[in-house]
1. Report the residue count in the range 397-424 for those that are at pLDDT 70 or above and open to solvent by less than 50 Å² (accessible area, probe 1.4 Å).
2. Out of Leu209, Leu185, Leu236, report the one residue that is farther than 27 Å from Leu291 by Cα, in a helix (DSSP H, G or I), touching a helix residue (DSSP H, G or I) at 6+ places or on another chain (Cβ under 7 Å) and not hydroxyl-bearing (Ser, Thr, Tyr).
3. Among the residues of the range 3-18, count how many are touching a residue at least 40 places away in the same chain (Cβ under 8 Å) and more than 11 Å from Lys68 (Cβ to Cβ).
4. Take the residues in the range 255-267 that are open to solvent by less than 40 Å² (accessible area, probe 1.4 Å) and in a helix (DSSP H, G or I); name whichever of them is modelled with the lowest pLDDT.
5. Being in contact with an Asp or Glu (Cβ under 7 Å, 6 or more places away or on another chain) and either surrounded by 14 or more Cβ atoms within 10 Å (Cβ to Cβ) or over 30 Å from Ala307 (Cα atoms) (or both), is that true of even one residue in the range 179-201?
6. Of the conditions (1) touching a residue at least 12 places away in the same chain (Cβ under 8 Å); (2) surrounded by fewer than 21 Cβ atoms within 10 Å (Cβ to Cβ); (3) not basic (Lys, Arg), Gly347 clears all except one; give me its number.
7. Anything in the range 282-301 that is over 12 Å from Leu336 (Cα atoms), in a loop (DSSP other than H, G, I, E, B) and not aliphatic (A, V, I, L, M)? List them, or say none.
8. When you look at Ala332, is it under 30 Å from Gln410 (Cβ atoms), in contact with an Asp or Glu (Cβ under 6 Å, 6 or more places away or on another chain) and either assigned to a helix (DSSP H, G or I) or open to solvent by 30 Å² or more (accessible area, probe 1.4 Å) (or both), yes or no?
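The values are calculated or read from the model by the stated rules, or taken from the named source; none is laboratory data. Just so it is clear, the structure is predicted and the values come from calculations on it, not from any experiment. In this analysis, Cβ positions are derived from the backbone assuming ideal geometry, glycine residues included, and neighbour counts consider all displayed protein chains. Only protein heavy atoms, including side chains, enter the accessible area calculation; ligands, DNA and RNA are left aside. Shrake-Rupley method; radii C 1.70, N 1.55, O 1.52, S 1.80 Å.
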Amino acid sequence: MLALLADADQLVPQLLAAGAPVDAKLSLDYSNSQLSRWLAAVGLGDSRCRKHLQVGRSALDLALLLGKADQACALVEAGADLDAVLGSRPSGREVNLQVANAILAYYTMARLQAASPRLLCQVVQHSPNSVWPLLLDTLDHRLDQCTSSLGSALSAPLFPLLAEQFAKGRLTMPEPQDQHMKLLLLSALACGQEGACLCLLRTAMQQELVTAQPNQDLSVLHSAAAMGHAQVAMFLVQARVDSVWPLLRPKYYNEDLTQCVHTQVAAALFPYLLQQVLEGIKLAGSVQLALLLQHIVAHSQSATCLALLDAAAQRGLKLSAEEEDLVLQLAAKQGLPGVVMHVLGAGSSVSLDAILAAVEGLSAPCLTLLLQHKPAPQVDRTSPCCENVFARWNYRHGRWWTCPILRTLQNNSWRNDSCAEDDVAVKALRMLELLLGAGYRPATYKSTGWRRDLKVLNPLQDSPSEFKLTGCNRPSLGSGQVRQLGLGAGASGGELLALLPKQAAMVEC
């Protein structure tokens, strides 16, 4: 304190390094006769000392009163209590606001992270723009780390308070304003503060920091949709309906469509889009229709899908054969027989991929509908493995067979290893019953690059480790006898073939 009063500012860092107590407070004021004699002895008995040396003041108080910003920042960096800056102590003095704001701007992210919620709220209320160093630091991190970096105890009071200060005009966006606005919104979403994000968005719309223009950055919408913040996602979509198409467009092949639109968002988004179509919004051809249908089916919204198909038919909008097949595959995979029946009723043909999709989803009703359409799709014996949109990566072998029988056995083996569903084996047996009834048999393939030593590849015999042939027996209906249909407990690949019925005609490949 004496160094500050004597303008010996260069000594402040040395005193701090030597361990001088940063939060020590005066217990005597200048009027105390003993203190005045001590100060007079060192040449500090002037009016300046009389004015500033009062009971309860600290070194940071003096730095603020004297306008010494660099020294005040050094004290804060050394751990000085921020109460002097925030003005929360009734000390009867006027704080140099310019210096106080400089200190808050200097206050590092690490200190803010360690601050109590009460102190953080005081900082924001006194100087909202002082939190930008903390928020800007998240630019160098993935958004899913933002919650852990701030902590829920800090983020819960921080973002609602920032939204309030922004609405009052006290929180301003540094340049470039749109990028800082996006950062603030994404940080709020990543910390789970949907209500605060919505308030920020409304104010930003009024100030035109977020607009409904076609070139507007859609990262906030994408994040809200993926994280399940339905209110924010719907607010942005309602402000600009065509922003939904970049959101729905897959970013890469084989993408899980339920990942880019969370279930909670899908529950509100797709019925809203259906209503927009019914009210006359135009779809840009079958591509947008197919894209919307795929997402609706992926979220198992059967009624919405059927209503959209009817609306499209009334407007004369038809899907291409390839688009119909993809919707059919998705519906079969998700177990939506109503959608499968509607697409087939519109004249769509049944592909082998659609059969495999129903097998993948263990959907007996959908597979039954698909197999009723003749002729049954053939298996290409020159192409044993497939890589369609529903074929999961086989973690052991890296291939999925094109034969529906082999795929059923392969899926059963994979599920037995990876999940604990009790009825998976029973469902797999039902799939085999339907496929065998339609004439499918375990396929053999012509010589391929995988096994050049074989003229004919029989996967059940040549790669039996891929097929777990146990656990799929069940009692026949109406009897207590166990019925084996190619999946007898302990059966080998050769025994499986022996158990298959011989009288049904095979599907020629």
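1. 15
2. Leu185
3. Here is the first cut: in the range 3-18, the residues touching a residue at least 40 places away in the same chain (Cβ under 8 Å) are 4-5, 9, 12-13, 16.
Among the residues that remain, those that are also more than 11 Å from Lys68 (Cβ to Cβ) are: 13, 16.
Number of matching residues: 2.
4. Leu257
5. Within the range 179-201, one or more residues are in contact with an Asp or Glu (Cβ under 7 Å, 6 or more places away or on another chain) and either surrounded by 14 or more Cβ atoms within 10 Å (Cβ to Cβ) or over 30 Å from Ala307 (Cα atoms) (or both).
6. Unmet condition: (1).
7. Lys282
8. Values: under 30 Å from Gln410 (Cβ atoms): yes; in contact with an Asp or Glu (Cβ under 6 Å, 6 or more places away or on another chain): no; either assigned to a helix (DSSP H, G or I) or open to solvent by 30 Å² or more (accessible area, probe 1.4 Å) (or both): yes.
Judged against the criteria, Ala332 is not a match.
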